[in-house]
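This report concerns only the one structure given below.
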Amino acid sequence: PPPVVVLATVKPFAKEAVNAVAKACDELGLSLRKVEGYKSREELYAALAGATGCIIRSDTADADFFVNAPDLKIIVRAGAGYDNVDLEAATRKGVCVMNTPGQNANAVAELVFGLLLYHARRRLDGSSGFELKGKSIGLVGCGRIAASVGDIARGFHMTCFGYSRSGRSQDNKCTMLSSPHELFQNCDVVSLHMPSNIQSKGCVDREKLYSMKQGGMLVNTARKEVIDEDALLEVLTARPDLTYITDIQPSNLDKIQEALGQDRFATQVLVTPKKMGAQTLEANTNAAVAAVTQIAAYLFNGDNTYQIATHLDNFHWPT
Ligand code: 3PG
């Protein structure tokens with residue numbers, strides 16, 4: 001019988017994307033089992049019984065998950081960030097972990113500009129706003145999402161700067177800076193595109209936030225964990241000129257709201273009700289179909305091109 005692949009997405013993909021996944025599974029000789037919008041871990045674990053492959057989004061794949069997937073050979077995070085996957089547990093169980101880099105990059109990049117324009121044009125209230133042209137944008141983390149943001153930014157005649165820990169960038173047209181401090185101090189817009197991991201946790205700290213330019217805008221479509229949220233609260237309160245724009249609700253949103261009061265909150269903080277960077281038909285389809293294709297290539301040909309296991313180099317084993 002064909003290998004069973006479970007589509008385990010608590011946040012469902014667009015219908016058309018799921019249809020495309022079903023078609024790809026048919027063509028590639030895989031049997032699709034869907035457990036979209038599952039209501040409990042039990043429901044998820046029941047679906048994993050006998051499964052060889054699994055496709056997830058931000059769904060938690062922890063040690064317990066892998067215990068409940070005894071036949072699993074491969075799990076693909078349809079998307080970029082894999083901070084939701086316990087790499088150590090997967091590796092111990094011999095499960096190959098992959099992501100689908102770049103497949104949802106354009107969707108995230110377009111959202112960055114949608115949010116920036118909405119802010120710059122005063123939330124479309126008709127009062128006089130400002131333009132992005134001539135402003136500088138600093139990209140923290142320089143992978144495929146940052147490269148898409150850079151492409152769009154140049155279309156707006158913005159100047160692009162980048163910083164990444166490795167010093168490398170997927171976008172060879174932006175000027176790389178040698179420290180994140182330089183980027184925070186000099187850019188009108190700072191847009192975060194780094195992964196969430198032990199190294200990046202809380203890296204947007206008090207010092208960097210305070211150092212931002214007058215009128216600076218911080219855009220976070222990455223993860224809330226990369227920001228020191230206590231510092232964010234403090235700096236937004238102390239600096240009425242700064243703006244925080246995000247599609248990820250900070251854990252201390254209530255406190256920020258309370259500290260700023262209604263009027264300042266409305267001008268300084270723009271936060272969408274749900275995480276939505278990758279929520280487009282195109283990104284859903286690209287990432288989900290790439291995930292199926294990668295699973296088939298791995299199971300039938302041993303192709304491990306997008307395997308994340310080598311990132312265990314950076315893994316801090318618990319002491
Ligand atoms: C990603 O890491 O690819 C994005 O954050 C998208 O996450 P999602 O699949 O939960 O929308």
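The values are calculated or read from the model by the stated rules, or taken from the named source; none is laboratory data. Computed from a prediction, not measured in an experiment: that's the story for all the values here. Neighbour counts run over all protein chains shown; Cβ positions are idealised from the backbone, glycine included. Note: accessible area is taken over every heavy atom of the protein model, side chains too, but ligands, DNA and RNA are not part of it. Shrake-Rupley method; radii C 1.70, N 1.55, O 1.52, S 1.80 Å.
The range 119-275: percent of C-alpha pairs farther apart than 26 Å? List each step's numbers first, then the result.
Values: 2671 of 12246 pairs.
Roughly 22 percent, once rounded to a whole number.
Using per-residue counts of other Cβ atoms within 10 Å, averaged over each peptide, order 6-13, 258-265 from highest down. Show your work: numbers first, answer last.
Working: 6-13: 20.6, 258-265: 12.6.
Ranking, from highest mean packing down: 6-13, 258-265.
Is there a pair in LYS34/LYS275; LYS11/LYS34; LYS133/LYS275; LYS224/LYS274; LYS255/LYS275 whose C-alpha atoms are over 24 Å apart, and which pairs would that be? Please report the intermediate quantities before stating the final value.
Numbers: LYS34/LYS275 22 Å; LYS11/LYS34 12 Å; LYS133/LYS275 27 Å; LYS224/LYS274 13 Å; LYS255/LYS275 20 Å.
Beyond 24 Å between Cα atoms: LYS133/LYS275.
Would you mind counting up the charge near VAL5? Only other residues with Cβ under 11 Å from its Cβ, with Lys and Arg at +1 and Asp and Glu at -1. Walk me through the numbers before you get to the answer.
Values: positive: ARG33, LYS34, LYS73; negative: none.
Net local charge, VAL5 excluded: +3.
Across all Cα pairs in the range 5-126, the calculated P(r) in 5 Å bins from zero up to the longest distance comes to 2, 10, 18, 21, 17, 11, 7, 5, 4, 3, 1, 0 percent per bin.
Cysteine residues of the chain whose Cβ has no partner cysteine Cβ closer than 4.7 Å: CYS25, CYS54, CYS96, CYS142, CYS187, CYS203. When the charge dipole of the chain is built from unit charges on Cβ atoms (+1 for Lys and Arg, -1 for Asp and Glu) and taken about the Cα centre, the candidate among GLY37, GLY216, THR305 whose Cα reaches farthest toward its positive end is GLY216.
Computing Rg and the Kirkwood Rh from the Cα coordinates of the range 82-132 gives a ratio, Rg/Rh, of 1.36. Of the residues HIS119, SER178, ALA80, the one whose Cα sits farthest towards the positive end of the charge dipole of the chain is HIS119 (charges of +1 on Lys and Arg Cβ, -1 on Asp and Glu Cβ, taken about the Cα centre).
Could you please report the charge total around GLY143, scoring K, R as +1 and D, E as -1 over all other residues with beta-carbon less than 13 angstrom from its beta-carbon?
On the way: positive: ARG144, ARG165, ARG168; negative: ASP171.
Net of charged neighbours comes to +2.
Build a GNM of the chain with springs between Cα atoms under 10 Å apart, and of ALA69, ALA22, ALA49 the one that fluctuates most is ALA49. Hey, what did the chain get for relative contact order, percent, Cα under 8 Å, at least 6 apart? Relative contact order comes out at 18 percent.
Kirkwood-type hydrodynamic radius, the chain: 20.7 Å, calculated from all non-identical alpha-carbon pairs. What the Cα atoms of the range 253-308 give is an Rg and a Dmax of 20.4, 58 Å.
Taking only DSSP H segments of four or more residues, each worth -39500 (n - 2.57), what value at 222 nm results for the chain once the sum is divided by all its residues, to the nearest 500 deg cm²/dmol?
Numbers: 11 runs with 120 residues, N = 319.
Result for the chain, helices only: -11500 deg cm²/dmol.
Ranked from the most accessible area to the least, with a 1.4 Å probe and all protein chains present, what is the order of TYR45, TYR244, TYR298? Each step should come with its number before you reach the end.
Values: TYR45 30, TYR244 5, TYR298 60 Å².
I get TYR298, TYR45, TYR244, largest accessible area first.
For the range 222-291, the spherically averaged projection of the C-alpha convex hull amounts to 5.6 nm².
Take the chain with all the other protein chains still there, run a 1.4 Å probe, and you get 47 Å² of accessible area per residue. The convex hull built on the alpha-carbon positions of the range 196-319 has an orientation-averaged projected area of 10.8 nm². The Cα atoms of the range 104-187 cover 43, 29, 17 Å along the three principal axes, with the biggest extent listed first.
In debye to the nearest 20, how big a dipole does the chain give about its Cα centre with +1 on each Lys and Arg Cβ and -1 on each Asp and Glu Cβ?
Numbers: 33 positive and 35 negative charges, 96 e Å.
Its charge dipole is roughly 460 debye.
Length gained on full extension, HIS157 to LYS93, computed as 0.36 nm times the residue gap minus the Cα-Cα distance: 18.1 nm. Atom-type composition of the exposed protein surface of the range 2-152 places 50 percent of the accessible area on carbon and sulfur (1.4 angstrom probe). Taking max minus min of the alpha-carbon positions on each principal axis, the range 14-78 gives extents of 31, 22, 18 Å, largest first. The heavy atoms of HIS193 offer some 30 square angstrom of accessible surface to a 1.4 angstrom probe.
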